[in-house]
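Each remark here refers to the structure printed beneath this line.
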């Protein structure tokens, strides 16, 4: 597509439920990134996929968080047993290679009640 | 984000120049970026500079890089009310493609 597409744009879930967030990167972009932005905060790196290499998961805050990407296509970020502190905007970005700037999606606003 | 630091707020008058500053800690950073985030929107790449440059100009935007002091700045000339947003600086490190972001500087432009 023309840009990075994320869905849903908003998600309200009950504490303890699992959620899946989806990111559709720009076609041909080999790298895909997930970031979290809490209210009034900067961006916190979560995970990074580059082609078929093993993902860099160093930013995942706990084992409740996981992400998958098949090839160079769609990625899903899964949060299990959601907690209130998981409430944030989850941003996905993609890039062609690793040197240029990213293109960000509009994010998924997750609210855990 | 604690490795990249920015002041949190900046307020200017319309027509003035704005200078947003950023310091980073990793001398091996290859690229440094400025992103703009308007309310309720995603991040928009404004400009970036390669680490072997010390200045880059793009229309109203001027980026200055001082590698010795690990200091990056973004100057916006003739600031307009539409420039009101949060500005993030970010660095890219050699060992991976991930960007490390600062906390963001909220720019407020008063008419």
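All of the numbers you see were taken from the coordinates with simple rules; none came from a lab. None of these values were measured; they are calculated from a predicted model. Positions of Cβ are generated from backbone atoms using ideal geometry, with glycine treated the same way; all protein chains shown enter the neighbour counts.
When region B:22-55 is filtered for residues that are without any contact (Cβ under 8 Å) to a residue 40 or more places away in the chain and within 13 Å of chain A (Cβ to nearest Cβ), the ones remaining, listed by number, are B:40, B:41, B:42, B:44, B:45, B:47, B:48, B:49, B:50, B:51, B:52.
Scanning region B:78-92 for residues that are in contact (Cβ under 8 Å) with a residue 60 or more places away in the chain and out of contact with any strand residue (DSSP E or B) (no Cβ under 7 Å at 6 or more places or on another chain) turns up just one, B:78. Considering region A:11-113, the qualifying strands (runs of 3 or more DSSP E), each wholly inside and each with 1 or more residues that are within 14 Å of chain B (Cβ to nearest Cβ), run over A:19-24, A:31-37, A:43-50, A:65-69, A:88-95, A:108-112. A count restricted to region A:64-97 and to residues that are touching a residue at least 60 places away in the same chain (Cβ under 8 Å) and surrounded by fewer than 21 Cβ atoms within 10 Å (Cβ to Cβ) stands at 7. Among the residues making up region B:2-23, a single one is buried (at least 17 other Cβ atoms within 10 Å of the Cβ) and over 14 Å from the mean Cα position of the chain (by Cα): B:12.
Taking residue B:26, is it surrounded by 13 or more Cβ atoms within 10 Å (Cβ to Cβ) and farther than 17 Å from residue A:102 by Cβ? So residue B:26 passes the test. Out of B:19, B:63, I need the residue that is in a strand (DSSP E or B), more than 24 Å from residue A:39 (Cα to Cα) and within 14 Å of chain A (Cβ to nearest Cβ). Which one? Result: B:63 is the single residue among B:19, B:63 that is in a strand (DSSP E or B), more than 24 Å from residue A:39 (Cα to Cα) and within 14 Å of chain A (Cβ to nearest Cβ).
Restricting attention to region B:76-111 and to residues that are assigned to a strand (DSSP E or B) and surrounded by fewer than 16 Cβ atoms within 10 Å (Cβ to Cβ), the residue that is nearest to the other protein chains (Cβ to nearest Cβ) turns out to be B:108. When region A:1-16 is filtered for residues that are out of contact with any strand residue (DSSP E or B) (no Cβ under 8 Å at 6 or more places or on another chain) and in contact (Cβ under 8 Å) with a residue 60 or more places away in the chain, only A:16 remains.
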